[in-house]
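Following: one structure in structure tokens, then a few remarks.
Laboratory data are not the source of any read-out in this text; all were calculated from the coordinates shown. Small disclaimer: the values here were computed from a predicted structure and weren't measured. Using ideal geometry, Cβ is built from the backbone for each residue, glycine included, and neighbour counts are taken over all protein chains shown.
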Amino acid sequence: GESVGLHLPTLSVQEGDNSIINCAYSNSASDYFIWYKQESGKGPQFIIDIRSNMDKRQGQRVTVLLNKTVKHLSLQIAATQPGDSAVYFCAVGGTSYGKLTFGQGTILTVHP
Amino acid sequence: KAGVTQTPRYLIKTRGQQVTLSCSPISGHRSVSWYQQTPGQGLQFLFEYFSETQRNKGNFPGRFSGRQFSNSRSEMNVSTLELGDSALYLCASSSHGQGSTEAFFGQGTRLTVV
């Protein structure tokens, strides 16, 4: 069955550093991929998405890279700030109506 | 543009009772998906509705049901509550099927079953 995994459950960085959060997926038919940020007591917040026909997409301070050959995607956060501290999820979609399959989440802690 | 609104934010119910949760999607979005989030299982897909039709369903027992109204608002119902149903229930609004891959979540309803 479809599964999505994360390589690291926690990531600690210093303010100003760049952060990289990784995610592996299993279904090669996956059509799109979304990164979410979830803060305590809140719902997941959409960060950025990428379709399977792309390998890179940039947003404000974030970049998502997609490697379909090895079924891997990553979220890069530039100049990480304390406000970036949260749990980050990758989600995979497109193989089943309206269904996103989520990874376990990576806890990002940014130290001032 | 208003975001996804879920009500209520918090609920405490007793085992055996039933509960109804509500989700109002972003205006213009016709797809609403529901998820259960627990510390042990993470985010798990419950079901998806599009234009009042359930198009997809996850691996949850029949006690979990939902519906969508003509204005795209959706409700989910859990009957005969069990302790293990305690979780954060999230709904996601999207324009999937309308060309977009973005999906936006509400703040969730925290259900506690005692």
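Miscellaneous remarks
- Relative to its residue count, the protein assembly as shown spans a Cα convex hull of 122 Å³ per residue.
- The eigenvalues of the Cα gyration tensor, multiplied by 5 and square-rooted, give chain A an equivalent ellipsoid with semi-axes of 23, 14, 12 Å from largest to smallest.
- Top positive-direction residue, dipole computed over chain A with Cβ charges, set A:Leu100, A:Thr63, A:Ile47: A:Leu100
- Average Cα contact separation per residue, region A:5-98, under 8 Å, 6 or more apart, as relative contact order %: 37
- Span from the region B:10-33 Cα centroid across to the region B:67-112 one, whole angstrom: 6
- The Cα-based radius of gyration and maximum Cα-Cα distance (Dmax) for chain B are 13.4, 42 Å.
- Neighbour-count ranking [beta-carbon atoms within 10 angstrom, fewest first] of A:His111, B:His96, A:His72: A:His111, A:His72, B:His96
- Anchor A:Lys56: lysines whose Cα lies under 21 Å away (excluding residues fewer than 8 positions away in-chain): A:Lys37, A:Lys68, A:Lys71
- The charge dipole of chain A, taken about the Cα centre with unit charges on the Cβ atoms of Lys, Arg (+1) and Asp, Glu (-1), comes to about 240 debye, rounded to the nearest 20.
- In terms of surrounding Cβ atoms within a 10 Å radius of their Cβ, B:Glu48, B:Glu82 rank from fewest to most as B:Glu82, B:Glu48.
- Using a Förster distance of 25 Å, the FRET efficiency for A:Glu39-A:His111 (Cβ separation, nearest 0.05): 0.90
- FRET E, pair A:Ser52, B:Arg15, Förster distance 35 Å, beta-carbon r, rounded to 0.05: 0.20
- Put a plus charge on the Cβ of each Lys and Arg, a minus charge on the Cβ of each Asp and Glu, and nothing anywhere else: the dipole of the protein assembly as shown about its Cα centre is then about 420 debye.
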